[in-house]
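Report on the following structure.
The values are calculated or read from the model by the stated rules, or taken from the named source; none is laboratory data. If you're wondering where the values come from, they're calculated on a predicted model, not measured in any experiment. A quick note on method: Cβ atoms are made from the backbone with ideal geometry, for glycine too, and the neighbour counts reach across all protein chains shown. Each accessible area value is taken on the protein alone, full model and side chains, heavy atoms only, with ligands, DNA and RNA left out. Shrake-Rupley method; radii C 1.70, N 1.55, O 1.52, S 1.80 Å.
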Amino acid sequence: MSSPQHTKTLGQKDLVLFTVSAILLLETLAAAASIGASSIFWWIFLCCIFLIPFALICAEMGCAYPEQGGIYAWIKKAFGGRWASRATWGYWVNTAVWMPAIFILFAGIFKQLFYPELSLNGQIMLGVALTWIAVGVNVMTLNIGKWVPNIGAVLKVIIFAIIIIGAFNYTQHQGMANPLTFDTLIPDLGSSLQYIPAIIYGMLGFELISASSDEMENPAKDVPRAIFMSAGIIITLYILGTIAVLAAIPADEINLVEGLMDTLYLFLGDSPIGQAAALVLGVAALYTFFSNGVTWSLGCNRAAAEAAQDGELPKVFGIVHPTRGTPVGAAILTGAVSTATLLLYGFISGSNEDLFWSLFAFSAVVFLLPYQGMLLSFVRMRKTDPDHPRPYKIPGGDLVAKLLAYLCMSVLGLTIVLFIYVPGEGVQWPVLIGVLFTLGLGEIIIRQAENHKFPQTTQTEAL
């Protein structure tokens, strides 16, 4: 199947906004702040040992191998089609089950703002509707669809800025709800391990823009610059935003779904103007949750479509719009899986907070696994393809590059364990069962795609 020609519509500004939209997550603030004051330590520490090394690796890979499909293309170059297919399956299916989590968060805030009587079933139905709107955006061309994440990124920065300024004003009169002292900043491993994975999750996504390399104006130059600029914006706002939430609400009272609006109401006050401002920002936050789902699906569906066009995933993933070249098949499948996931997990969850965390943890484990393949591909391509042009290259030689990659892999491995096994609570069986089922289903789908591909490719491969 020949790939359609893509229009060069993504400039450096678009790449920065796209990356900020993908990684800067308002919902991560509540989960991180739930740790308490020590979350500030974890943000800084994990930024040094994970975010910076990971961003450097993505910058090198993104400009050295600017190919449509991004992470799929990189792993295929290093380890072949089957491992690339496995990674792409995990990458894609994560989005299909993570979108329901983010849309349940949307529904929880919507309920808080407009419809306090909205039942959990009603919130699930709202999540289903949002899922299919996101599918529609995926079918648009990127010169139109890119505005969803672009606007979302701008709104996120505005909301973060208002929360940070509001925290400063609030503490002048009310003091800190969670004192920030040397003693409180020291981490307590027993109480904070559960939410540390959420911080790591909030640092992933720098590679996402490379899934649309064919639609970039100058990927070799713009990708590393966009990654470094967005990384600085993201970590600064995450740290200051977490401090702001901790200023307003005691850590043990933070609600994972409604914590954002609780913070805004406290900062903006009970006056009519303050309430109206909080409402406007709440609506803006709702839009950013929607844009999160759109941003990730735009990248992941393109990676899945590229894998299908190479015969590594079923052909239905590779169906593209005849004139726009957009991933119609992958997008519709994303909508179908997201809908089924919402309905299934909705039956076994007692509240929107339980539903959000179950979906979030399950999808996160599936999401983290492909990154191990990406990091291994980076190490392998440094060894097997040393002369390939790299407009940006991590300084320090191969030894430094390997150490950074293995450090990131170790952090991701620990994060996966902590999503499945929570200290003090034990194994999270819904998460583990969901992950094993998803990986098993992916293996079946990949083998079937290979069986259909084999007769057509045997002769070529033999040559």
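Can you list the residues, at least 5 places off or on another chain, whose amide H is less than 5 Å from the amide H of Tyr421, using H built in the peptide plane?
Gln428
Using all Cα-Cα distances in the chain, what percent lands in each 20 angstrom bin from 0 up to the longest?
25, 59, 15, 1
Taking DSSP loops as anything outside H, G, I, E and B, show the longest stretch in the chain free of GluC sites (Glu not before Pro) there with at most 12 other beta carbons within 10 Å.
Longest stretch, sites excluded: 118-424.
Skip the ligands, DNA and RNA, and give the accessible area per residue of the chain with a 1.4 Å probe, whole Å².
Counting only protein heavy atoms, the per-residue value for the chain is 39 Å².
Taking R0 as 45 Å, what's the FRET efficiency between Lys383 and Leu441 from their Cβ-Cβ distance, rounded to 0.05? Mind dumping the intermediate values first?
Values: r = 33 Å, r/R0 = 0.73.
It comes to 0.85.
Using a 1.4 Å probe, how large is the accessible area of Asp188, given in Å² and rounded to the nearest 10?
90 Å²
What does the net charge come to around Ala153 if you take all other residues with beta carbon closer than 14 Å to its beta carbon, with K and R at +1 and D and E at -1?
+2
Given R₀ = 35 Å, what would the calculated FRET efficiency be for Asn121 paired with Ile151, taking r from the Cβ atoms and rounding to 0.05?
Once rounded, the FRET efficiency stands at 0.70.
Name the residue farthest towards the positive end of the dipole of the chain from the options Pro391, Trp83, Ile71, assuming +1 on Cβ of Lys and Arg, -1 on Cβ of Asp and Glu, about the Cα centre.
Highest projection toward the positive end goes to Pro391.
Counting only protein chains, not ligands or nucleic acids, how are Met176, Met216 ordered by accessible area (probe 1.4 Å), most first? List each step's numbers first, then the result.
Details: Met176 70, Met216 0 Å².
Highest to lowest solvent-accessible surface, that is Met176, Met216.
In debye, nearest 20, what is the charge dipole magnitude of the chain about its Cα centre with +1 on Lys and Arg Cβ and -1 on Asp and Glu Cβ, if you could check? Mind showing how you got there, number by number?
Working: 22 positive and 29 negative charges, 254 e Å.
Dipole magnitude for the chain comes out near 1220 debye.
At 27 angstrom or more along the helix axis (alpha-carbon based) and mean Kyte-Doolittle of 0.0 or higher, what helices does the chain contain? Whole DSSP H runs only.
Both cut-offs are met by 81-114, 120-139, 147-174, 219-248, 272-309, 328-348, 352-384, 397-420, 429-462.
Straight-line reach only, C-alpha to C-alpha below 22 angstrom: list the lysines that Lys315 could link to, leaving out same-chain residues fewer than 8 apart.
Lys76, Lys77, Lys453
Mind checking which lysines have their C-alpha under 19 Å from Lys221, skipping anything on the same chain fewer than 8 residues away?
Excluding near neighbours in sequence, the set is Lys8, Lys13, Lys393.
Once fully extended, how much extra length lies between Asp270 and Val139, figured as 0.36 nm per residue of separation less the alpha-carbon to alpha-carbon distance?
42.9 nm
Which value at 222 nm does the chain reach when only helices count, each DSSP H run of 4 or more adding -39,500 (n - 2.57), with the total divided by all residues and rounded to the nearest 500 deg cm²/dmol?
-25000 deg cm²/dmol
Could you please state how large a percent of the accessible area of the range 383-424 is carbon and sulfur, counting protein chains only and using a 1.4 Å probe? Mind showing how you got there, number by number?
On the way: 1620 of 2450 Å².
Carbon and sulfur atoms account for 66 percent of the accessible area of the range 383-424.
Determine the order of Leu344, Leu29 by accessible area, beginning with the largest, at a probe radius of 1.4 Å.
Leu344, Leu29
For Ile52, what accessible area in Å² do you get when you roll a 1.4 Å probe over the heavy atoms of the protein chains, rounding to the nearest 10?
80 Å²
Sorting Leu369, Leu298, Leu56 by accessible area (1.4 Å probe), largest first, what list results?
Largest to smallest exposure gives the sequence Leu369, Leu56, Leu298.
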